[in-house]
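Rule-based calculations on the coordinates, nothing more; no lab input. These figures come from a predicted structure and were not determined experimentally. Cβ coordinates were reconstructed from backbone atoms using ideal geometry, including for glycine residues, and neighbour counts include every protein chain displayed.
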């Protein structure tokens with residue numbers, strides 16, 4: 001299976017890094033680990049994991065059977081641009097830290113491209129003149145007029161001469177036409193001429209006489225001949241040949257470079273994990289990987305749209321538990337929690353003492369335009385059970401009929417709430433076994449409220465909505481017009497508020513949260 005680089009580094013405690021790096025040195029320098037350690041080079045990374053470079057790549061075979069060394073690692077990532085060490089460091093840094101997902105863009109690449117035009121080149125034929133031209137054969141005498149020479153020879157001796165003959169030599173000329181054709185070029189001697197030959201005669205005084213010897217002719221008479229040299233083409237045709245040249249004007253060819261899409265929620269998960277670690281929280285590799293997976297699931301299902309806040313409560317400290325996963329910034333406007341009174345913070349979440357503990361979310365329902373009187377969902381994953389009645393796990397209200405608060409145990413283990421009203425009204429007639437796991441309530445119109453336990457519908461109760469609370473929501477208690485009261489001891493392991501979820505969506509979200517708690521080793525069912 002391919003190595004998914006979007007989640008791979010989080011599994012090795014990497015929180016962030018230099019996403020602009022394009023070489024090996026820049027890739028490793030500045031990587032931030034979950035412990036807060038900042039690496040200077042790759043050897044710091046292997047030292048952090050108490051291994052060697054060779055052994056680290058070798059051990060990947062346990063998870064990825066096709067990877068058994070460094071080079072098979074490069075060849076088995078999910079990024080099509082990466083296939084060796086050079087391309088890994090050129091394209092791989094984008095997966096180190098939060099970044100805006102990259103979409104494929106047309107990247108101009110400067111290429112020297114042969115012009116799609118045919119460059120005509122003149123192919124010289126075998127004759128100086130491209131037409132059949134009558135040529136006078138040069139005789140052996142200085143004057144071009146053939147002059148018979150009297151020789152003192154008893155007999156006419158036919159002297160064989162090596163006369164170049166016209167040879168049709170087919171040559172393949174590569175042309176620039178789409179279908180290369182072989183052009184027959186008839187080559188030969190410029191003019192088949194009678195070569196003056198010095199013939200040693202049998203006379204007493206051997207005289208070297210230029211003799212015009214015509215091959216195959218009994219009388220050595222030099223006769224002017226008309227020699228037609230047939231060229232390969234009747235007309236001088238410039239034979240187009242494909243010439244590979246550096247184009248005078250280099251053409252910029254847009255090349256679409258595919259870039260793997262980072263899974264939805266990955267960027268936000270890394271930002272949240274970075275904030276948790278920077279605040280002193282402890283995040284292990286499995287926790288980091290599980291958190292990214294949980295974010296991916298929430299974003300893929302679209303639950304982040306409409307959520308006002310969600311608190312995953314990881315890191316084990318008040319400083320790390322305070323962050324809103326949707327916007328992990330340390331400000332009131334980002335709905336960062338402020339803990340008051342006695343809270344216990346651990347890897348299992350945040351637990352109020354039930355006497356004076358509460359946490360301010362700074363979220364006021366009536367300021368949220370998308371939160372209507374006909375909808376609204378509030379829920380949390382409880383790590384502890386409590387049978388105490390009329391204790392609020394979270395909520396707020398003023399002195400008007402505008403409360404939004406949740407009571408997992410109203411009385412005799414029945415569930416109740418304020419749902420845009422000022423009275424707890426009728427609770428569920430059905431009781432629940434305990435208050436462990438996912439608990440939530442949701443408006444299903446302006447006249448009814450539905451209750452859920454572990455993602456399963458419990459009961460719908462008729463309740464009319466009136467107004468939205470102007471007071472910020474508290475966790476661990478009720479904010480009664482600015483005063484904390486009705487303290488509870490429910491442990492918060494994941495808490496959220498949403499504009500309104502359907503029964504199917506509540507069930508799906510509970511499955512995501514339960515899977516997350518199981519991955520962290522703190523699930524209660």
Region 1-50 shape via C-alpha gyration tensor axes, a/c threshold 1.5: oblate
At q = 0.12, 0.18, 0.22, 0.26 Å⁻¹, base-10 log of I(q)/I(0) for region 5-97 (Debye sum, equal scatterers on each alpha carbon): -0.34, -0.81, -1.27, -1.66
10 Å binning of all Cα-Cα separations within region 360-461, expressed as whole percents from 0 upward: 16, 52, 29, 3
Hull volume in cubic angstrom per residue (convex hull over the Cα atoms of region 428-474): 97
Ratio of Rg to Rh over region 272-322 (Cα coordinates, Kirkwood Rh, two decimals): 0.99
Square roots of 5 times each gyration tensor eigenvalue, C-alpha, region 388-522, largest first, Å: 22, 17, 14
Percent antiparallel among DSSP beta bridges (both partners in region 394-525, rounded to 5): 95
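So for region 393-443, considering every pair of alpha-carbon atoms, how many percent are separated by more than 12 Å?
Summing the P(r) tail past 12 Å for region 393-443 gives 61 percent.
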Evaluated over region 284-520, the Cα radius of gyration and Dmax, each in Å: 16.0, 48
Kirkwood-based Rg to Rh ratio, region 323-407, C-alpha trace: 0.96
Cα centroid separation - region 26-54 against region 418-471, whole Å: 50
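Kindly rank 44-56, 509-521, 23-35, 363-375 from highest to lowest mean number of other beta carbons found within 10 Å of each residue.
509-521, 23-35, 363-375, 44-56
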Alpha-carbon Rg/Rh ratio, for region 303-360, with Rh computed the Kirkwood way: 0.98
Equivalent ellipsoid dimensions for region 442-525 as semi-axes, Å, which come from the Cα gyration tensor, largest first: 24, 20, 11
